[in-house]
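Encoded as structure tokens, the structure appears first; notes follow it.
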Amino acid sequence: MRFKPVPEPPADFETLETVYRALPAAVDDVDDCCAHLVEETPPEDREEAATWLTFLRALELAVEESGSFRRRETGSSGDAAEPAVLERERLGRAFRARVDGADAVCAALEDTVEHGSTSPDSQARQDAVEHGPTSPDSQARRDADEPLTVAEVVERLREDGSSDDRRRSGRPRVDPERTERLLEWAVLLGLAERVDDGYRVALTRE
């Protein structure tokens, strides 16, 4: 099962931990989980809180039971009274597997590493104009380091049709704003890096 709601990415990983830790350990610990998150955490209204709750389900951090939500423990102790320490690697895997479009966005960045950038403004192309052609290996290395803008990622998703939001005919519909949110979450979860106004695969994983 894949989940579509994607909240605005917070400024830091600690905010994700704050929202997670605010979830009740049992569904009957609070009467209204959305209201509880609005009162205790950064989400400002019920709609935003509901988006966060669904997204936390996708990351396997929340469980829905009887129309309400509780915290899902990911640690080995299984102590519901003590929230687990969140692991970026585990969350990154859940993000790609369970959030609609996340794997396609990450794959677009990975494809740049494997095949090089096709951007007409790539640094390798500029170097070739200014200094003459370079070897294929050195060009591929430079292209692989070049970030993709949100627009370039959107275009790749449309071209290869790998987006989970594709349609049967014509080019798949890709929402640029949602794509940018997915890219920012990929950065937050250690799957990507933000470079100037673009994104690339994370060179080092935390």
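Since every read-out is calculated from the coordinates, none of them should be taken as a lab result. All values reported here derive from a predicted model rather than from experimental measurement. Glycine gets a Cβ as well: all are built from the backbone with ideal geometry, and neighbour counts include every protein chain shown.
Odds and ends about this structure:
- Nearest-20 debye value, region 1-73 charge dipole, Cβ charges on Lys, Arg, Asp, Glu: 420 debye
- Net charge in the neighbourhood of ARG72 (other residues with Cβ under 9 Å of its Cβ; Lys, Arg +1, Asp, Glu -1) is +1.
- The peptide list 28-40, 55-67, put in order of mean Cβ contacts within 10 Å with the highest first, becomes 55-67, 28-40.
- A convex hull fitted around the alpha carbon atoms of region 1-74 yields 90 Å³ per residue.
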